[in-house]
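Reading through the structure tokens given below for one structure.
The values are calculated or read from the model by the stated rules, or taken from the named source; none is laboratory data. Source: prediction; values computed, not measured. Cβ placement follows ideal geometry from the backbone for every residue including glycine, while neighbour counts extend to all protein chains displayed.
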Amino acid sequence: MKNLKGNNLIKSNAIWIVFIIEVIIFAIASGGTFVTGSNIVNIARQVSYYGIASIGMTFVILIAGIDLSIGSIITLVNVVCAFLMVNAGMNMWVAVFAALIMATLIGVLNGAMVASIGIPALIATFATQTIFEGVAYLISGGRPIAGFDSNFGLFGRWSLGPIPICAIIMILCFAVGSFILNKTYFGRYFYAIGGNEEAAELSGIRVNRVKYLIYALSGLFAGLAGIVLLSRSGSAQSTVGKGLEFDVITCVVLGGVSVNGGVGRMSGVVAGVLIIGSLTNGMILMDVSEYTQMVVKGIVLAIAVGIDCLSKKRQTV
Amino acid sequence: MSEEFVLELEHIRKEYPGVIALKDVTLQLRRGEVLGLIGENGAGKSTLIKCCSGAVVPTSGKIKINGKEFDSMTPQLAAENGIAIIYQEFNNVGELSAAENLFLGRPIRKGMVIDKKAMVEEAAKAFDQLQIKIDPRELVKNLSVGYQQMIEIAKAIQQNAQVLIMDEPSAPLTTNEVENMFKVVELLREKGVSIIYISHRLEEIFRLSDRIEVIRDGEYVDTLITPKATVDELIKLMVGREMTQQFPPRKPCIDKSKVVLELKNVYGNGDEDMSLKIHAGEVLGLGGLVGAGRTELAEVIFGAKAKTSGQILLNGKEINPKSPREAIDLGIALVPEDRKRHGALLTNSIKNNINMPIYERISKASVIDASTEKANAEKYRKEIQIKCPSVNQLVRNLSGGNQQKVILGKWLAAKSQLIIFDEPTRGLDVGAKYEIYKLINDLVESGHSVLMISSEMEELIGMSDRIIVLAEHQMTGELQKEEFNADTIMTLASAIVDNADNAGGKEAS
């Protein structure tokens, strides 16, 4: 029995062990560069935006949904926020607020298609992905928009002492996400709906409303990620968010959130984000080509989902 | 020895990490006999048959087929040796014809193409052999559950099954379909097929079996010759204790002056012209055949489905619940028929299940009051005796009876006034049934009202204060306690609605 408990302890923290092993490998392979202070700060900056986006995605995947539109939301937030600040001469805070509202509304639109109309999430968010990528191009004309207020560097460039502000934003977001999941009734509803939608409805949960909320949150967190990214790059590009949903989904699934819904913890997602972040960084340090990186990340996603599905299979026997 | 027994399981043991599913079970199946296999839920019946099919590999023990010894089974090996299992869920493909399903995975071919004509002919022959009337060309989705089961059986026989294991075959069937299934089982026995028949319904076991094996808590208990066995004896062997009576006594508690729920000419969800009253402290039984419209009525009252016309009154006030949420807030609860699909949230903890309908009530600014949450769960765990090491345990890991208690606990936590039970004891063993009956008694004695849908005649008669019978989505009769009679209820349940004059609307309050 004691042995069993030890086993479970290892199992539930396996993801952190993977992370530690990864760090050790990269530390040795890079001859120490990987674990220098400046590189760690670098990683923190790199992971912050998809860390933020992964929180909304965690909620979505917990109810066995998917949100493919977040890459486009990030692009559109970049373009729209930049457009409002540069072309429309809007105050930075108003522009950020407006962009976040827009991101949330796109999430609501996803929610409407999934919950009220009943379009499968994969298709509904695939459609909005295409739509808003197109909208971003239409607004920017495909040209980068730059020349922001220097204060806009707050979200992605500034630091508080040695700690980048964007990392602090990410940590705060994770804290909020964890709070929603563990301390509010919404979290209980997410797990219930992911476990069994019909039974959840019959237990008095208004499933459709919760779905609206979840997709709206996914939009909002993606929007916030977009702001951080825009601040860091200092210029809005119409391709900036392309494919980001892939990294974010990989982080979430790697973090142990089951694609079948109902299972997963925020702490696991944190580990997933750190693993993907340091993997990307480590590969860049070691001069691995972008295409090889794609191959590696694809394999990581397949393995993560594979482990999830295998453990599900074992349970049913 | 090996001549006599077609299948022998010797000292089968199956351990899972932390749990022993089977301690030591031995089973011997004679050629051409029907062996009834009974035991409480969790006794290990399912695990045992999965050992036969190769779905589960035993930790230790031997399996002998026709005297040939196997250490373990694989699904393929089981099929090759003539072992077939009819599960509660069928493996039919709805969009294919009966004949195509019969030859699923091994179609008759003419060269490269599938020979449909030959398949239809062969299927007709196979169905004829079992004396079942199915048009081989009919799509399976258009066939009733009973016929779908027949196709499964025909498929097994077509593949030369010598041993047929049937897991609760009567559970999804209507009364008529059960009769047909019995005939097929008897026919197969005559043809020399050996059958292991698993059922909770003892009368079926008595009707069909030659011998009865009882297992309890993963252990072999005894095997009885059916004609010499009695119900009391079997129940005693199954539960390991004496059951004095099947239905616990109830104190008189009906308050005729208080009508809790009243339906006035309600139409909707397929049902027509439903009028009834339920009083405080009363158990109103809803009888009828499967498909008579009872579950549909429950869904309308619970707000899960819309009513098209008529009035629903709760405590004299008209209500119009548009969702389960609204119904729950009005004090109406539903314990659904399909516990695992609709009732319990299996992947959530007992604590979460019990608090699920009231999270918004016990939260401030959406933050849950964790101590109230915990106290609620502990309260109902104690009050209705949910057997579990901790309220943090997942409901998936509970037995059927305890899952049912968790669902009930959730409605008690929600302070429901009217509780609708749809087949409250389906799939439960004798001991768990008795506990559920006691809980229903406690409910009405404490002033709740109960609407109980039941297809088990004994349960309907034993538990109801009054019975309303439905047939073909209409009310065909209402019986007072002194009028209860199985034959009358059966007649009303199969009544052709046109002839059931002046029935239904009669209220006797």
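Summary table
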quantity: Members of segment B:302-324 that are within 13 Å of another protein chain (Cβ to nearest Cβ) and not polar (S, T, N, Q); calculated: B:PHE302, B:GLY303, B:ALA304, B:LYS305, B:PRO321, B:LYS322, B:PRO324
quantity: Qualifying residue in segment A:79-102 (condition: within 14 Å of A:LYS211 (Cα to Cα), at pLDDT 95 or above and hydrophobic (A, V, I, L, M, F, W, C)); calculated: no
quantity: Residue under evaluation A:GLY219, criteria (1) away from chain B (no Cβ under 14 Å); (2) more than 24 Å from A:GLY37 (Cα to Cα); (3) assigned to a loop (DSSP other than H, G, I, E, B), criterion not met; calculated: (3)
quantity: Residue satisfying all of: in segment A:103-112; of a type outside the set (Val, Ile, Thr) and touching a helix residue (DSSP H, G or I) at 6+ places or on another chain (Cβ under 6 Å); surrounded by the fewest Cβ atoms within 10 Å (Cβ to Cβ) among these; calculated: A:GLY111
quantity: Matching residues in segment B:413-428 - criterion: being within 14 Å of another protein chain (Cβ to nearest Cβ), hydrophobic (A, V, I, L, M, F, W, C) and assigned to a loop (DSSP other than H, G, I, E, B); calculated: B:ALA414
quantity: Restricting segment B:11-21 to residues that are modelled with pLDDT under 90 and outside any loop (DSSP other than H, G, I, E, B), the residue that is nearest to B:LEU202 (Cα to Cα); calculated: B:ALA21
quantity: Subset of segment B:12-69 [more than 29 Å from B:LYS228 (Cβ to Cβ), in contact with a Gly (Cβ under 7 Å, 6 or more places away or on another chain) and of a type in the set (Lys, Arg)]; calculated: B:ARG13
quantity: From B:ILE63, B:ILE20, B:ILE108, residue being among the hydrophobic types (A, V, I, L, M, F, W, C) and crowded, with 18+ Cβ neighbours inside 10 Å; calculated: B:ILE63
quantity: Residue list for segment B:474-489, filter: surrounded by 12 or more Cβ atoms within 10 Å (Cβ to Cβ), of a type in the set (S, T, N, Q) and part of a strand (DSSP E or B); calculated: B:GLN474, B:THR476
quantity: Conditions (1) touching a residue at least 60 places away in the same chain (Cβ under 8 Å); (2) more than 7 Å from chain B (Cβ to nearest Cβ); (3) crowded, with 19+ Cβ neighbours inside 10 Å; number of the one not met by A:TYR191; calculated: (2)
quantity: Unique residue being part of a helix (DSSP H, G or I) and in contact with a Cys (Cβ under 7 Å, 6 or more places away or on another chain) when the list is A:ILE214, A:ILE276, A:ILE307; calculated: A:ILE276
quantity: Some residue of segment A:279-286 being outside any helix (DSSP H, G or I) and in contact (Cβ under 8 Å) with a residue 40 or more places away in the chain; calculated: yes
quantity: Among the candidates B:ALA327, B:ALA344, B:ALA333, residue that is within 10 Å of chain A (Cβ to nearest Cβ) and at pLDDT below 95; calculated: B:ALA344
quantity: Single unsatisfied condition, A:GLU245 versus (1) buried (at least 24 other Cβ atoms within 10 Å of the Cβ); (2) within 14 Å of chain B (Cβ to nearest Cβ); (3) assigned to a helix (DSSP H, G or I); calculated: (2)
quantity: Output for segment B:111-138, where each listed residue is touching a residue at least 40 places away in the same chain (Cβ under 8 Å) and surrounded by 15 or more Cβ atoms within 10 Å (Cβ to Cβ); calculated: B:LEU130, B:ILE132
quantity: Per-region count, segment B:285-301, residues charged (D, E, K, R) and within 14 Å of chain A (Cβ to nearest Cβ); calculated: 1
quantity: Test set (1) assigned to a helix (DSSP H, G or I); (2) among the aliphatic types (A, V, I, L, M); (3) crowded, with 23+ Cβ neighbours inside 10 Å - B:LEU439 fails condition number; calculated: (3)
quantity: Those residues of segment A:205-216 which are crowded, with 24+ Cβ neighbours inside 10 Å and at the interface with chain B (Cβ under 10 Å from one of its Cβ atoms), in sequence order; calculated: A:ILE205
quantity: For B:GLU272: the one exception among (1) at pLDDT 95 or above; (2) under 20 Å from B:GLY477 (Cβ atoms); (3) assigned to a strand (DSSP E or B); calculated: (1)
quantity: Neighbours by Cβ (under 9 Å, 6+ apart or cross-chain): first from segment B:389-411, assigned by TED's automatic domain parsing to the domain that holds B:ILE358; second aromatic (Phe, Trp, Tyr) and not in a helix (DSSP H, G or I); calculated: B:LEU408/B:PHE421
quantity: Residue list for segment B:28-43, filter: in a strand (DSSP E or B), touching a Ser or Thr at 6+ places or on another chain (Cβ under 8 Å) and surrounded by 19 or more Cβ atoms within 10 Å (Cβ to Cβ); calculated: B:LEU29, B:VAL34, B:LEU35, B:GLY36, B:ILE38
quantity: Inter-residue pairs, beta-carbon under 9 Å, first farther than 17 Å from A:ALA200 by Cα and within 7 Å of chain A (Cβ to nearest Cβ) and in segment B:349-372, second charged (D, E, K, R) and buried (at least 23 other Cβ atoms within 10 Å of the Cβ), 6+ apart; calculated: B:ILE368/A:ARG188
quantity: Where B:ARG396 falls short, out of the listed (1) more than 9 Å from chain A (Cβ to nearest Cβ); (2) within 30 Å of B:PRO172 (Cβ to Cβ); (3) among the charged types (D, E, K, R); calculated: (1)
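Listed here are the residues, each with its yes/no results for (1) within 29 Å of B:THR347 (Cα to Cα); (2) surrounded by fewer than 22 Cβ atoms within 10 Å (Cβ to Cβ); (3) more than 13 Å from every other protein chain (Cβ to nearest Cβ); (4) of a type in the set (Asp, Glu).
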site	(1), (2), (3), (4)
A:GLY153	no, yes, yes, no
A:GLY161	no, yes, yes, no
A:PHE174	yes, yes, yes, no
A:ILE180	yes, yes, no, no
A:GLU197	yes, yes, no, yes
A:LEU202	yes, no, no, no
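Condition check ((1) within 30 Å of B:GLN88 (Cβ to Cβ); (2) more than 14 Å from every other protein chain (Cβ to nearest Cβ); (3) acidic (Asp, Glu)) across all residues:
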| position | (1), (2), (3) |
| --- | --- |
| B:TRP411 | yes, no, no |
| B:VAL430 | yes, yes, no |
| B:VAL444 | no, yes, no |
| B:GLN480 | no, yes, no |
| B:PHE484 | no, yes, no |
